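*Asks:* Dropping a structure here in structure tokens format, bear with me for questions.
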Amino acid sequence: MFITFEGIDGSGKSTQAKALVSTLQAQGMSCIWTREPGGSEGAEAIRKLLVQGDPDRWSAETEILLFNAARRDHLEKTIQPALLRGATVVCDRYVDSTRVYQGVARADLRHLVDLMHETMIGREADLTFIIDIDPETALGRGLARNSGEDRFEDMGLGFQKRLRAGFLDLAKQYPDRCCVIDGARSVEAVQSAILDAYMLAFS
Ligand code: TMP
């Protein structure tokens, strides 16, 4: 199974993705955690170009090319091999982030994102958790981390609001695989909602 976690910056999806992996591993399942951009040596190198520096460093079009280059390497080196040996792959962000960040919030380029995805990647997730949270709360959390990877957080609150709306629209476009989770609760409550949805999806 290929499971992805999506959401705006600071939504808590990384914590939740790692928690799901720990739970599944504790049940004896073969399961790996990975992330985008990144998850393979080459893709981690591309990640640094994307998440650091000035917000104007790249155009949305260039970002689409870079995210796809990173994704293709990640797919070849990490995701496909793990799925082929029967492991469950839990990925922190995937193409839905490109659909929403570059395809909707940065610019009106959704058609280009879908075209690139069909041509160069061709793999959708089986189940996608969208962690939904108020952008003001999330942005405070994201920037407070001061990770040095704040290029997209630096695009401001209006950008995060467009992202939230974009993810909620996306959930409506892909109702079979997308599950929206209310992220404005304790870490434990969100974790338990995710486990319930996981059991329902794969029962
Ligand atoms: P992260 O902070 O969740 O690791 O993600 C890095 C940043 O990259 C985050 O601000 C979202 C952004 N991003 C895109 O803009 N498009 C994409 O396709 C992906 C995977 C991430």
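Read the figures in this text as sums done on the coordinates, not as results from a lab. The structure displayed is predicted, hence computed values, not measured ones. All Cβ positions, even for glycine, are placed from backbone atoms using ideal geometry, and neighbour counts span all protein chains on display.
*Asks:* For the ranges 105-111, 169-175, 62-68, 11-17, what's the packing order if you count other beta-carbon atoms within 10 Å of each residue, average per peptide, and put the highest first?
*Replies:* Working: 105-111: 16.6, 169-175: 13.1, 62-68: 19.4, 11-17: 21.7.
Averaged packing, sorted descending, gives the order 11-17, 62-68, 105-111, 169-175.
*Asks:* Let me ask you something else. Among all the aspartates and glutamates, which ones have a C-alpha under 14 Å from residue 77's C-alpha, if same-chain residues fewer than 8 places away are not counted?
*Replies:* Candidates past the 8-residue exclusion: 36, 41, 44.
*Asks:* Semi-axes of the chain's equivalent ellipsoid from the Cα gyration tensor, sqrt of 5 times each eigenvalue, largest first, rounded to whole Å?
*Replies:* Details: eigenvalues 116, 84, 52 Å².
Each semi-axis is √(5λ); the values are 24, 21, 16 Å.
*Asks:* Could you tell me which trypsin sites (Lys or Arg not before Pro) in segment 31-102 are loop residues by DSSP with no more than 16 other beta carbons within 10 angstrom of their beta carbon?
*Replies:* Hits after loop and neighbour filter: 85.
*Asks:* Here is a further query. Need one number for segment 107-203: average projected area of the convex hull over its C-alpha atoms, nm². Show your work: numbers first, answer last.
*Replies:* On the way: hull surface 30.7 nm².
Across all orientations, segment 107-203 yields a mean hull projection of 7.7 nm².
*Asks:* Please give the calculated 222 nm ellipticity per residue for the chain, where each DSSP H segment of at least 4 residues contributes -39500 (n - 2.57) and the sum is spread over every residue; nearest 500 deg cm²/dmol?
*Replies:* Working: 8 runs with 95 residues, N = 203.
After summing the helix terms and dividing by residue count, I get -14500 deg cm²/dmol.
*Asks:* If you don't mind, there's one more thing I want to ask. Stretch residue 172-residue 186 to full length: gain in nm at 0.36 nm per residue minus the Cα-Cα span?
*Replies:* That works out to 2.5 nm of additional length.
*Asks:* For residue 161, list the lysines whose Cα falls under 26 Å from its own Cα; do not include residues on the same chain fewer than 8 positions away.
*Replies:* Answer for residue 161, where 26 Å is the Cα cut-off: 13, 18, 48, 172, listed by chain and number.
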